[in-house]
Amino acid sequence: MQTQDIFFYVFALLTVICAVMVVANPLSRNPVTSAMFLVLTIVCMAGLFVLLHAFFLAAVQILVYAGAVMVLFLFVIMLLDLKEEERRKVKIVGAGLGTISVGAVAFLLFRIILTSSKGAANAAPQLEGSTSSLGTLLFSKYVLPFEILSLLLLVAMVGVILLSKKDLK
Amino acid sequence: MISALTNLYDGLGPVGQFALWSFVKIAALFGAVMTFVAYSVLAERKISAFIQDRVGPNRVALPLIGSIPIIGPFLTNLGVWQPLADGVKSFLKEDFTPSYVRKAYFWIAPAITFIPAFLVLAVIPFGSFLGEQKMVIADLNVGILFTFGIISLGVYGIVLAGYASNSKYPFLGGIRSSAQMISYEISMGLAVIPVFLIVGKLNLGEIILHQAQHGWLIFYAPISFVIFIVSAFAETNRLPFDLPESETELVAGYNTEYSSMKFALFFMGEYTNMIAASAMMVVLFFGGWTLPFGGLDQPAQPAEWLRGLAHIGIFVAKMLVFMVIFIWIRWMLPRFRYDQLMDLGWRRFLPLALINILITAVVLWLRS
């Protein structure tokens, strides 16, 4: 086993543990703790990207998700009434439905992994590449999905501003 | 003896040697930055005293050196030993944890503030070569993105400190901080995009080499620099943007409930952030370790130890200028109101930065 494999298993294990702690923390029902574990999950995933030599993706993952999106999450959570949330019990129906959906997704994933060809497993990682080649790709081959996504974000932004305005004329 | 050591060194192999040198560099940088932090606190107190027509710290004397004629009293008057006394005091003071705080977050928040500040320094090239070693700990190809990512993590320390303290003023400080940091991070990130349009690389070392060939980027992207330095003040929570801890309205904001070494960690985090911001400005806009004359703009060869040391000296000197600017401005300007802060960030700097990107891109396109 190479050093890189060891790092992969360490980061993968940490990702899974932190992800479980986000939704099923046995010690605390505090939403802030869940949010902080989500930040840790994101950081561990950035570690996995680094192992794939996708440095740009790793940096952006931390910059956007851990650094901006989760800070806003925390901001909103801290302004909510947390006492009620902490007191709420886990409902059996909800837990059951959650387990079923997680199981279904896991089953699908396993099926895909088992049936897919294993030819690419030993090939060199294809994610490696400079930031400029990523940019070129985004603005040439994938320009339509890229522009549609930005339109979607714009719509969401306008929607938020409209919703947060109190007196609509 | 020496041959045995050389054999041991050769036996390490490339990976082992890399690890050894990285460790040496990290230890040296850590020591240097901690000394810097201690003495910038002294500089802050002395400069503020000068601006307000006071004397500043001039009492701490060491037993033996203090009794040397002329030099001893001179050093004491300068306050050279004050950081030692401050450090000892921070360690020895009672570490009081109020009963109502959220313990886990209360303990972890100072560390979360302090660590990202140091991580930023890992990618900053503070010299060219010393011997065969490149004077940067991690020569990343996405150096600048790494820096911004880590800086954006720094906000968690302050927000969690505010949340963990579980009382009014720290909480308000934490909330303010999160909104302020996110707002100015955007302006800061957009401000440096023209720099990369001009250079075409994200690696900080290559940005310096480009400046050595074509001149400093401050002349190419002055608007970027203005936005960057103002945003840096906001990101490091320094006056005129120290809304998260504004003493006059929020007692001390997020660090109201902290004492002794935990408070000192926040304090050191703030100064390390200032050092990191100064280093970033030197690297991005002022040519890093280069000077345009005396042949100092070329990387040192393995045998040229003196030139390697001169490069480190140049970098530190440039950085110190920015540290003094940081300190000077703190004592010259009043604090912004919160709505003014948000207005400046979102309605002035954001459009300005976008226009700046557009103009730079168009100029580069026309010239190509």
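Okay, residues lined up against (1) crowded, with 18+ Cβ neighbours inside 10 Å; (2) at pLDDT below 85; (3) not in a helix (DSSP H, G or I):
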| site | (1), (2), (3) |
| --- | --- |
| A:Leu27 | no, yes, yes |
| A:Met36 | yes, no, no |
| A:Val43 | yes, no, no |
| A:Ala58 | yes, no, no |
| A:Leu109 | no, no, no |
### Query
Among the numbered criteria (1) at pLDDT below 85; (2) part of a loop (DSSP other than H, G, I, E, B), which single criterion is violated by B:Leu75?
(2)
### Task
Name the single residue, out of those in segment B:1-56 being acidic (Asp, Glu) and in a helix (DSSP H, G or I), that is surrounded by the most Cβ atoms within 10 Å (Cβ to Cβ).
B:Glu44
### Message
Give all pairs with beta carbons closer than 7 Å in which a residue from segment A:55-67 that is facing chain B (nearest Cβ under 7 Å) meets a residue that is hydroxyl-bearing (Ser, Thr, Tyr); count only pairs at least 6 apart in sequence or on separate chains.
### Response
A:Phe56/A:Thr131; A:Leu63/B:Ser152; A:Gly67/B:Ser152
### Message
List the residue pairs whose Cβ atoms are under 9 Å apart, where the first residue sits in segment A:130-152 and is without any contact (Cβ under 8 Å) to a residue 40 or more places away in the chain and among the aliphatic types (A, V, I, L, M), the second is in a helix (DSSP H, G or I) and surrounded by 11 or more Cβ atoms within 10 Å (Cβ to Cβ), and the two are 6 or more positions apart or on different chains.
### Response
A:Leu138/A:Phe146
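Residues checked against (1) of a type outside the set (Val, Ile, Thr); (2) within 11 Å of chain A (Cβ to nearest Cβ); (3) part of a loop (DSSP other than H, G, I, E, B); (4) surrounded by 22 or more Cβ atoms within 10 Å (Cβ to Cβ):
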| residue | (1), (2), (3), (4) |
| --- | --- |
| B:Phe146 | yes, yes, no, yes |
| B:Ser152 | yes, yes, no, yes |
| B:Tyr156 | yes, yes, no, yes |
| B:Val159 | no, yes, no, yes |
| B:Ser177 | yes, yes, no, yes |
| B:Ile208 | no, no, no, yes |
### Query
So, in segment B:260-288, of the ones that are at pLDDT below 85 and surrounded by 24 or more Cβ atoms within 10 Å (Cβ to Cβ), which residue ends up nearest to B:Thr147 (Cα to Cα)?
B:Gly288
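Which residue is farthest from B:Ala43 (Cα to Cα), if the candidates are limited to segment B:323-349 and must be among the charged types (D, E, K, R) and crowded, with 16+ Cβ neighbours inside 10 Å? Quick ask: steps written out before the conclusion?
Going through segment B:323-349, the residues among the charged types (D, E, K, R) turn out to be B:330, B:335, B:337, B:339, B:343, B:347-348.
With the extra rule that they be crowded, with 16+ Cβ neighbours inside 10 Å, the set shrinks to B:330, B:335.
Details: B:Arg330: 12, B:Arg335: 21 Å.
Among residues in segment B:323-349 that are among the charged types (D, E, K, R) and crowded, with 16+ Cβ neighbours inside 10 Å, the one farthest from B:Ala43 (Cα to Cα) is B:Arg335.
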### Task
Name the one entry in B:Ala85, B:Ala111 that is of a type in the set (A, V, I, L, M, F, W, C), part of a helix (DSSP H, G or I) and either under 30 Å from A:Val32 (Cβ atoms) or over 24 Å from the mean Cα position of the chain (by Cα) (or both).
B:Ala111
### Query
Of these, B:Ala191, B:Ala122, which one is surrounded by fewer than 21 Cβ atoms within 10 Å (Cβ to Cβ), under 21 Å from the mean Cα position of the chain (by Cα) and either modelled with pLDDT of 85 or more or more than 10 Å from chain A (Cβ to nearest Cβ) (or both)?
B:Ala122
### Query
Going by the structure shown, is B:Leu140 touching a residue at least 40 places away in the same chain (Cβ under 8 Å), of a type outside the set (Asp, Glu) and either within 12 Å of another protein chain (Cβ to nearest Cβ) or out of contact with any helix residue (DSSP H, G or I) (no Cβ under 6 Å at 6 or more places or on another chain) (or both)?
yes
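The values are calculated or read from the model by the stated rules, or taken from the named source; none is laboratory data. Predicted model, so just to flag it, every value in this text is computed and none were measured. Here Cβ is always computed from backbone atoms with ideal geometry, including for glycine, and neighbour counts include all displayed protein chains.
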